[in-house]
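Note sheet for the following structure.
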Amino acid sequence: MKGYFALLEGTFLVQLLRPWARNLGKRIIQTPKVYLNDTGLLAYLLGATVDRLKAEGNLAGGVLENFVLMELRKQSTSSTTQPELFYWRTASGQDVDVVL
């Protein structure tokens with residue numbers, strides 16, 4: 001499975017978003033989130049029509065999250081500070097989608 005993800009990352013089809021933690025060792029244990037670089041392709045693969053996006057708020061939220069993260073990645077490359085992007089999640093399920 002790792003080989004497939006390495007191939008998808010190497011061909012720039014997906015990007016992994018690592019979890020943020022104060023302890024670097026703790027960050028390795030948590031699972032990264034996977035995002036498709038092309039939000040249009042994501043919507044197509046999900047079968048996300050306009051009607052379905054209106055009816056299913058969680059689907060629309062996931063597609064929007066993917067779009068926003070890809071835009072932040074693009075903008076961060078031209079930034080002088082070069083921020084790193086992470087996500088944050090508690091054991092109780094609370095989360096922040098993007099942490100710079």
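Laboratory data are not the source of any read-out in this text; all were calculated from the coordinates shown. Since this is a predicted model, take the numbers as computed values, not measurements. Heads up, the Cβs are rebuilt from the backbone with ideal geometry, glycines too, and the neighbour counts pull from every protein chain shown.
The table that follows gives values for the structure above.
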quantity: Dipole magnitude (debye, nearest 20) for the chain, charges at Cβ of Lys, Arg, Asp, Glu; calculated: 380
quantity: From the C-alpha gyration tensor of the stretch 2-99, square roots of 5λ in Å; calculated: 24, 17, 15
quantity: Asp95-Arg73 pseudo-label distance in nm [points 7 Å out on the Cα-to-Cβ vector]; calculated: 1.6
quantity: Candidates per trypsin sites (Lys or Arg not before Pro) in the stretch 16-75, loop by DSSP, up to 14 other Cβ within 10 Å; calculated: Arg22
quantity: Derived scalar couplings ³J(HN,Hα) [the stretch 75-90; Karplus, 6.51 cos²θ - 1.76 cosθ + 1.60; whole Hz; x for Gly, Pro]; calculated: 5, 5, 5, 9, 7, 6, 8, 6, x, 8, 10, 9, 10, 9, 9, 8
